[in-house]
1. In terms of modelled amide H atoms, which long-range or inter-chain residues lie less than 5 Å from the amide H of Ile103?
2. What is the magnitude of the charge dipole of segment 71-113 about its Cα centre, with +1 placed on the Cβ of each Lys and Arg, -1 on the Cβ of each Asp and Glu, and no other charges, expressed in debye to the nearest 20?
3. At a threshold of 8 angstrom on Cα-Cα distance, excluding pairs fewer than six apart, so keeping six or more, what relative contact order does segment 16-94 reach in percent?
4. Would you please put 2-15, 62-75 in order of how densely packed they are, using the mean number of other Cβ atoms within 10 angstrom per residue and starting with the highest?
5. Treat the chain as a sphere of radius equal to its Kirkwood radius over Cα pairs and apply Stokes-Einstein at 10 °C in a medium of 1.306 mPa s; give the translational diffusion coefficient in µm²/s, rounded to a whole number.
6. Based on the Cα coordinates of segment 142-242, what is the per residue volume of their convex hull in Å³?
7. Cα atoms only, segment 1-144: Rg and Dmax in Å?
8. Sorted from largest to smallest, which semi-axis lengths in Å does the alpha carbon gyration tensor of segment 116-169 give for its equivalent ellipsoid, taking the root of 5 times each eigenvalue?
Amino acid sequence: MIEFKSKEFHIKRIANCISEEIKLRQKFDQHLVLGLATGSTPIPLYDELVRLHTEENLSFRNVYTFNLDEYCGLEDNHPESYHTFMNVNLFDKVDIPRENIFIPSGQIEPLFERDYCEGYEQTIKDLGGIDIQILGIGRSGHIGFNEPGSSVDSITRKVKLHDITRRDAASDFGGFDNVPTHAITMGMKTILSANRIFFMAFGEAKQEITKRAFCGEITDDIPASHLQKHNKKTICIDFNIN
Ligand code: PGA
């Protein structure tokens, strides 16, 4: 389903859906597994989830989270790491148990990367898979850090970042050359295995690539285009903002 509504509408709707699902699982003493994204797109969603926690007593005690990706070479506490991003924007502000949080490490020795990535996949499976996956899109067409050429069968692994992705991150890192060249990302298969997906694209800069992803052919050149095949997704779009 593609929905052209305001960004505010989308954010409230996604947050309410997550909140209702968390509460429903609490009633039955079950957990909920969320797949989480970073970047500017999901920040208002995390703000709304924090508001639901602080003002409406939504508890995250039965929630597990798996983040999509992390830059290789960054310590967890690096200001631009996705560990820091998640702590600042969500985890430090809600009551999720720390042991329920999973974010790929950017600090794995090359020799152990493969085992580490397989372990990440296994942990997701052991918890019953991702119930709700939150996604943005990069101007390269990536979801997570699955850059052009990523196969639909790919699982969590180390990848080389596209130049567009590194250029878009350059200002955060004080220059293109400071942006890490590689990352660990959940794979396409991992993402597409999520039970439900909320995809968000806000602002004019995302219009062209989103159109190619959802109105063009399904191709590894635009990894997000594979979302066309997912049967429980909501495409939340608002291009009329900057
Ligand atoms: P953005 O990044 O939300 O900062 O635009 C999205 C992405 O690269 O997936």
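1. Excluding prolines and chain starts, which carry no amide H, the hits are Asn67.
2. Values: 2 positive and 8 negative charges, 32 e Å.
About 160 debye.
3. On the way: 77 pairs, mean separation 26.9, N = 79.
Value for segment 16-94: 34 percent.
4. On the way: 2-15: 15.9, 62-75: 21.2.
By packing density, highest mean first, the sequence is 62-75, 2-15.
5. Numbers: Rh = 18.1 Å.
Value of D from the Cα-based Kirkwood radius: 88 µm²/s.
6. On the way: hull volume 9.9 nm³, N = 101.
Residue-normalised Cα hull volume stands at 98 Å³.
7. Reported Rg and Dmax, both Å: 15.5, 47.
8. Values: eigenvalues 112, 34, 18 Å².
Taking √(5λ) for each Cα gyration eigenvalue gives 24, 13, 10 Å.
Only the coordinates and a few stated rules stand behind these numbers; no lab work does. Treat the numbers as computed from the prediction; the structure is a model and nothing was measured. Note that we place each Cβ from the backbone using ideal geometry, even for glycine, and neighbour counts take in every protein chain shown.
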